[in-house]
Amino acid sequence: MTLDPALARAIRLVGIDVDGVLTDGGIYLGTVDGTPLEFKRYDVQDGLGIAFLRHAGIKVAIITGRVSDSVRLRGAELQVDELVQDAQARKLPAFRAMLDRLGLEEREAAFIGDDFPDLGVLRVVGLPVAVGNAVPEVKQCSALQLQRGGGRGAVREFAETLLRARGQWDELREHYVASRSAPHDEAAAMRHAQ
C-alpha cells in the first residue's frame, strides 16, 4: 500500500474515531458496587503509531460519538492534541470547529473511520481512510483502505504508511529504539531534545 508523498506531506492533523477504529467495536458494560462502568480494549501498537505521528509534528485528534471515561483516559495517556466526545455523534461540526481552532483546512487533515457516523468527516478531508473492518460505504469514499481492523493495529498501519510516504518512518523508528536502548539519563536527555 502506497500513498502519494505530496499528499502525505500536506497532512497536519489526523482525526481518529474510537469504536471500530481504536477498538474492535466491542463495549464491555457492567457495574462495580452499583457504579456503572464501561471498558474498551485498545491496541498498544496503535498507541505507538499515534506517538510517532505526534513526534513527526502531526496533530492527533480523537473524535467519537460516545462519551466514555475509557476514551478520556486513553486520550490523556496518548497525549492527543484534541479529544471530542459527542453523545449525538455530530462529528462534522465538531471537526470543523477543531480545524478553525487550530487554523487548519480540511485538505490538511486525514480521518480514520469505519461506519456511517464517520462519513460526514471522511467526505471532506484531504485523506479519508477506512479500517479493514469498515462498512462498504466508508471503504467506497476512502482514498486509503487499511488491511488491519479496528483495535487490531489499523491506526499503527496508517501511521507507518503516512510516515513512510513522508520519508520520516525510518528516522522516527530509529530514534525511538535509541531512546529505549540508552541508559536512563541519556534516554531522558533524548526525550527533552525532541
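The values are calculated or read from the model by the stated rules, or taken from the named source; none is laboratory data. Everything numeric in this text was worked out from a predicted model, so none of it was measured. Note: ideal-geometry Cβ built from the backbone for every residue, glycine included; neighbour counts use all protein chains shown. Side chains are part of the model used for accessible areas, which takes the heavy atoms of the whole protein and leaves out ligands, DNA and RNA. Shrake-Rupley method; radii C 1.70, N 1.55, O 1.52, S 1.80 Å.
Listed values, structure above:
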| read-out | value |
| --- | --- |
| Sole residue being of a type in the set (A, V, I, L, M), open to solvent by 10 Å² or more (accessible area, probe 1.4 Å), over 19 Å from residue 23 (Cβ atoms) and not in a strand (DSSP E or B), chosen from 99, 92 | 92 |
| Single unsatisfied condition, residue 29 versus (1) out of contact with any helix residue (DSSP H, G or I) (no Cβ under 6 Å at 6 or more places or on another chain); (2) touching a residue at least 12 places away in the same chain (Cβ under 8 Å); (3) assigned to a strand (DSSP E or B) | (2) |
| Counted residues, the range 144-181 - those being hydrophobic (A, V, I, L, M, F, W, C), without any contact (Cβ under 8 Å) to a residue 60 or more places away in the chain and closer than 13 Å to residue 112 by Cβ | 0 |
| Residues of the range 55-73 classified as under 19 Å from residue 163 (Cα atoms) and either among the polar types (S, T, N, Q) or surrounded by fewer than 18 Cβ atoms within 10 Å (Cβ to Cβ) (or both), total | 3 |
| Long-range neighbours under 7 Å by Cβ, at least six apart or interchain, first residue at pLDDT 95 or above and among the charged types (D, E, K, R) within the range 116-136, second surrounded by fewer than 22 Cβ atoms within 10 Å (Cβ to Cβ) and assigned to a loop (DSSP other than H, G, I, E, B) | 123/141 |
| Unmet criterion (only one of (1) buried (at least 23 other Cβ atoms within 10 Å of the Cβ); (2) part of a helix (DSSP H, G or I)) for residue 174 | (1) |
| Filtered residue count, the range 40-50, keeping only those that are open to solvent by 60 Å² or more (accessible area, probe 1.4 Å) and either touching a Ser or Thr at 6+ places or on another chain (Cβ under 6 Å) or in contact (Cβ under 8 Å) with a residue 40 or more places away in the chain (or both) | 2 |
| Any hit, the range 51-73, residues being basic (Lys, Arg), under 15 Å from the mean Cα position of the chain (by Cα) and more than 21 Å from residue 9 (Cβ to Cβ) | yes |
